[in-house]
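Chemist: This is the structure, below, for whatever I ask next.
The values are calculated or read from the model by the stated rules, or taken from the named source; none is laboratory data. As the structure is a prediction and not an experimental result, all values here were calculated from the model. Neighbour counts are summed over all protein chains in view; Cβ atoms, including those assigned to glycine, are modelled from backbone coordinates with ideal geometry.
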Amino acid sequence: LFSFGGGVGLLLISFIISFLTPYLPSGHVTKVISIPSLNLTIEVPMNFYQYLFYKSLAKGENYFLLEDLSQLDIFDDLLFRNDVYKEIIYELKAKVPNAQDDEIVVYLVELVQNLDYDYDKAENINFQVRFPYEVLYDHKGVCIEKSLLLIKLLSKLGYGVALIKTQNHALVGIKCNR
């Protein structure tokens, strides 16, 4: 479960961000992600304040439970009015208009795999798992973080997903109809 320091702390953070946002510089940043097999780049509109918001949240031991991860959508949709994951899928479908959903899945896997692996973090035994938005913004992550990002993308595409963890690794399971 999330370790926000209580609902009051989260409410306070949300209030401060929504109150201060009109008085701050825009915070809009464009990140570029790529899919090498298609020789394709996608420009992703991101928000520095949204990144700071996620970075400021304490990560509890089990924060990455899928039902908790999906609850973050309320912040993306209402507080920041930015669903970067839907934007990535929209841009990908626009740039590869004839691709079937199964092909889009393969491209999303490649996109996430193409993000840098965070070797420094992997060497630290007690690292905190970051939110998918942070991983995308920083353009790097370890296996569990990149898996959570892929889960976020695939769930936006409508796929059933599962996080599979072993002692030293994490990967994504995708529900298939076949």
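Chemist: Would you pick out the residues in the stretch 108-128 that are surrounded by fewer than 20 Cβ atoms within 10 Å (Cβ to Cβ) and either in a helix (DSSP H, G or I) or in contact (Cβ under 8 Å) with a residue 40 or more places away in the chain (or both)?
Modeler: Result: VAL109, GLU110, GLN113, ASN114, LEU115, TYR119, ASP120, LYS121, ALA122, GLU123, GLN128.
Chemist: Among ASP116, ASP83, ASP102, which is the only one that is among the charged types (D, E, K, R), modelled with pLDDT of 65 or more and closer than 28 Å to ASN168 by Cα?
Modeler: Of ASP116, ASP83, ASP102, the one residue that is among the charged types (D, E, K, R), modelled with pLDDT of 65 or more and closer than 28 Å to ASN168 by Cα is ASP116.
Chemist: Which residues, taken from the stretch 16-75, are modelled with pLDDT of 85 or more, of a type in the set (Ser, Thr, Tyr) and under 14 Å from the mean Cα position of the chain (by Cα)?
Modeler: TYR51 - this is the single residue of the stretch 16-75 that is modelled with pLDDT of 85 or more, of a type in the set (Ser, Thr, Tyr) and under 14 Å from the mean Cα position of the chain (by Cα).
Chemist: Also, quick follow-up: Considering only residues of the stretch 103-117 that are among the acidic types (Asp, Glu) and under 20 Å from CYS176 (Cβ atoms), which is nearest to the chain's Cα centre (by Cα)?
Modeler: Filtering first and then ranking leaves GLU110.
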